[in-house]
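S.K.: I'd like to ask some things about the structure below.
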Amino acid sequence: MANPKRVLSGIQPSGRLTIGNYIGAMKSYVALQEEHDCYYMIADLHGITVPQDPEALREQTEMVTALYVAIGLNPDKAAIFLQSHVPAHAELGWIMTTLSYMGELERMTQFKDKSAGKEAVGAGLFVYPPLMAADILLYKAHLVPVGDDQKQHLELTRDLAGRFNHRFGETLVVPEPLIPKLGARIMSLDDASKKMSKSNPNPGSYIAMLDSPDDIRKKISRAKTDLGREIAYDPEEKPEISNLITIFSQCSGKSVPDIEKAYEGQGYGTFKKDVAEAVVSALEPIQARYADIRASGEIHRILKDGADRAAAVADATLREAKQAMGFLLPRR
Ligand code: ATP
Ligand code: LTN
């Protein structure tokens, strides 16, 4: 490894993963594992910040784990683990909560979006960002591959790391987000002003990574399109077509200018058909591997091994942080 860096990221098991999760975050996970020391978590403690049915939580946790492997993550290279299997997350999460200010947590747009219009808002949703900071800081991660919506949480993580180091001495690493240039924010198929989200109640608004080819074709043919007929990338003026161009480019490897050129003078119909086929082809091998992994029963072994490797790093950082803060450490 030329210049290996520590990488950490995570996804909540809060629904069926979408091509937004894949394009915005997971594709980078795979690219990073060759060169870097990677830790990829299933953020199940974050998953319960909104109500979760126990059976659904179990199923979705297994589904995300199997999808991590199906996209090409190699458990011998990258550690794949559950956040709840490494208790240091909850513990440093509490410490980060005590370092956070009410005002800065109130400014988090994810909190504002998820609590808007709700009568009862769980306190876990409010302290979600300090737990996320703990996830990252425990691994002294330099790089955090995420979609654009997580930028603000990363900014807070950087502030908390700096605050900790300032008060208690240089202990934690200030991380950098790694956000893709194209595809950092895949938009909803029924409304290009909202990000595609696995917890949207309308399944027509997203493409799940495990959707059947027919469902994918149907959803893309029904996707909302801008007025006019030009296939041009212009997120301001033509947000819906630009979103489909982004999806096409990310699933086929074709560049945006090549796509624009190829569809010059053609209507939306042919274009949408080709977008759908590109998505189907990109997901086909992932879906085939997914079925094999679920059938193999390998998931629990992968998670056990991942948690052992993760805990070795996380426990050491937690110990250092507690010592710096003045906690008496248990004698070993
Ligand atoms: P939810 O809708 O349940 O809040 P989500 O779909 O946003 O969840 P997360 O688990 O919060 O999924 O996100 C996992 C990763 O996927 C994060 O790095 C996030 O930035 C990225 N991501 C999620 N949705 C998109 C999207 N529409 N475009 C690009 N990246 C995305
Ligand atoms: N909040 C993230 C999920 C998440 C995460 C993390 C991402 C939890 N902990 C640590 C990166 C690093 C989200 O994508 N909604």
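S.K.: Could you give the distance between the Cα centres of region 22-59 and region 143-179, to the whole Å?
M.R.: If you average the Cα positions of each part, the centres end up 18 Å apart.
S.K.: While we're on this one: Counting only residues 5 or more places away or on other chains, whose amide H sits under 5 Å from the amide H of residue 195 once H atoms are built in the peptide plane?
M.R.: When sequence neighbours closer than 5 places are left aside, the close amide H contacts are 188.
S.K.: Work out the length of the dipole vector of region 19-106 about its Cα centre, built from +1 on the beta-carbon of each Lys and Arg and -1 on the beta-carbon of each Asp and Glu, and round it to the nearest 20 debye.
M.R.: Numbers: 3 positive and 12 negative charges, 28 e Å.
The calculation lands at about 140 debye.
S.K.: Taking the 0 to 90 degree range and rounding to the nearest ten, how far is the long axis of helix 239-252 tilted relative to the main principal axis of the chain, both from C-alpha atoms?
M.R.: Approximately 80 degrees, to the nearest ten.
S.K.: For an R0 of 30 angstrom, estimate the FRET efficiency from the Cβ-Cβ distance between residue 281 and residue 121 and round to the nearest 0.05. Intermediate values should be presented prior to the final figure.
M.R.: Details: r = 42 Å, r/R0 = 1.39.
Efficiency for this residue pair is about 0.10.
S.K.: Shifting gears a bit: Helix 213-222 against the longest principal axis of the chain: what's the angle in degrees, Cα atoms only, rounded to the nearest 10?
M.R.: 70 degrees
S.K.: Report, in degrees rounded to the nearest 10, the 0 to 90 angle that the Cα long axis of helix 268-296 makes with the longest principal axis of the chain.
M.R.: The two axes meet at around 40 degrees.
S.K.: Another one. Distance from the Cα centre of region 250-324 to that of region 90-108, in angstrom?
M.R.: 30 Å
S.K.: Just need the relative contact order of region 134-256 here, percent rounded to a whole number, with Cα pairs under 8 Å and 6+ apart.
M.R.: Numbers: 142 pairs, mean separation 24.1, N = 123.
Rounded, it is 20 percent for region 134-256.
S.K.: Using the alpha carbons of the chain, what is the convex hull volume per residue in cubic angstrom, as a whole number? Before the final figure, lay out each step's value.
M.R.: Details: hull volume 50.6 nm³, N = 332.
So the per-residue Cα hull volume is 152 Å³.
S.K.: Would you mind classifying region 92-152 by shape? Square roots of the alpha carbon gyration tensor eigenvalues, ordered a ≥ b ≥ c; an a/c under 1.5 is rounded, otherwise it is prolate if a/b is larger than b/c and oblate if not. Walk me through the numbers before you get to the answer.
M.R.: Details: a/c = 2.37, a/b = 1.46, b/c = 1.63.
Because a/c hits 1.5 or more and a/b fails to exceed b/c, region 92-152 counts as oblate.
S.K.: Calculate the dipole size of the chain relative to its Cα centre from +1 charges on Lys and Arg beta carbons and -1 charges on Asp and Glu beta carbons; express the result in debye to the nearest 20.
M.R.: With only Lys, Arg, Asp and Glu charged at Cβ, the dipole is about 520 debye.
S.K.: Right, something else. Ranked highest first by the average count of other Cβ atoms within 10 Å around their residues, in what order do 109-118, 217-226, 6-15 fall? The partial results should precede the final answer.
M.R.: Details: 109-118: 12.4, 217-226: 17.8, 6-15: 23.1.
Top to bottom by mean Cβ count within 10 Å: 6-15, 217-226, 109-118.
S.K.: Report ³J(HN,Hα) in whole Hz for each residue of region 148-157, in order, from the Karplus equation J = 6.51 cos²θ - 1.76 cosθ + 1.60 where θ = phi - 60°; Gly and Pro get x.
M.R.: 4, 5, 9, 4, 5, 5, 5, 4, 5, 4
Values quoted throughout were computed directly from the atomic coordinates according to the rules given, and no laboratory measurement underlies them. Computed from a predicted model, the values in this text were never measured in an experiment. Positions of Cβ are generated from backbone atoms using ideal geometry, with glycine treated the same way; all protein chains shown enter the neighbour counts.
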